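The values are calculated or read from the model by the stated rules, or taken from the named source; none is laboratory data. This structure is a prediction, so every number in the text was calculated from the model and none was measured. Cβ placement follows ideal geometry from the backbone for every residue including glycine, while neighbour counts extend to all protein chains displayed.
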Amino acid sequence: MNGGISIHCVDVATGRVAVGLQVRVLRLGPDGHPLHPALAEGRVGPKGVLDHPVLMSDAITTGGYEVQFAVGDFYRDRGTGGPDPAFLEVVPYRFHISDSAQHYHLPFKFTAWGFSLFRGGA
């Protein structure tokens with residue numbers, strides 16, 4: 001069984017989970033570029049997590065991935081907290097899974113001006 005990927009998003013400017021943030025997960029091809037269509041795509045739910053069945057399935061294997069966070073749209077949709085035009089539009093995060101049996105937890109903490117991404121311990 002594969003460990004899967006979990007993605008947790010928090011708007012640290014408000015101290016709240018980023019409900020509605022659009023997130024895409026793409027596999028990277030041999031050339032290092034994202035492959036289309038997206039492996040998983042959706043909006044962050046009320047617990048701050050992208051809840052997509054593919055992320056906890058056998059589709060998550062060793063190899064490269066890119067997660068794209070639509071920060072500019074997130075702030076535009078709310079009409080608050082962001083510059084016009086957006087300082088951050090889409091934030092890409094590329095990483096590699098070397099052991100698909102492990103779980104990869106990816107916390108994304110952000111404001112309209114900056115972000116933090118890392119592999120968490122959950």
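Hey, could you check region 7-49 for residues that are acidic (Asp, Glu) and either touching a Cys at 6+ places or on another chain (Cβ under 9 Å) or surrounded by fewer than 20 Cβ atoms within 10 Å (Cβ to Cβ) (or both) and say which is nearest to residue 60 (Cα to Cα)?
The residue in question is 41.
Within the group 61, 14, which residue is touching a residue at least 12 places away in the same chain (Cβ under 8 Å), among the polar types (S, T, N, Q), more than 25 Å from residue 102 (Cβ to Cβ) and out of contact with any helix residue (DSSP H, G or I) (no Cβ under 6 Å at 6 or more places or on another chain)?
The unique qualifying residue is 14.
Please work out which residue is surrounded by the fewest Cβ atoms within 10 Å (Cβ to Cβ), limiting yourself to region 68-101 and to residues that are charged (D, E, K, R) and farther than 21 Å from residue 117 by Cα.
Of everything passing the filter in region 68-101, 84 is surrounded by the fewest Cβ atoms within 10 Å (Cβ to Cβ).
Here's a check for you: in region 1-20, which residue that is of a type outside the set (Gly, Ala, Ser) and modelled with pLDDT under 95 is farthest from residue 82 (Cα to Cα)? It would help to see each step written out before you state the result.
Filtering region 1-20 for residues of a type outside the set (Gly, Ala, Ser) gives 1-2, 5, 7-12, 14, 16-17, 19.
When the remaining residues are screened for being modelled with pLDDT under 95, the result is 1-2, 14.
Values: 1: 41, 2: 38, 14: 12 Å.
Looking at residues that are of a type outside the set (Gly, Ala, Ser) and modelled with pLDDT under 95, I get 1.
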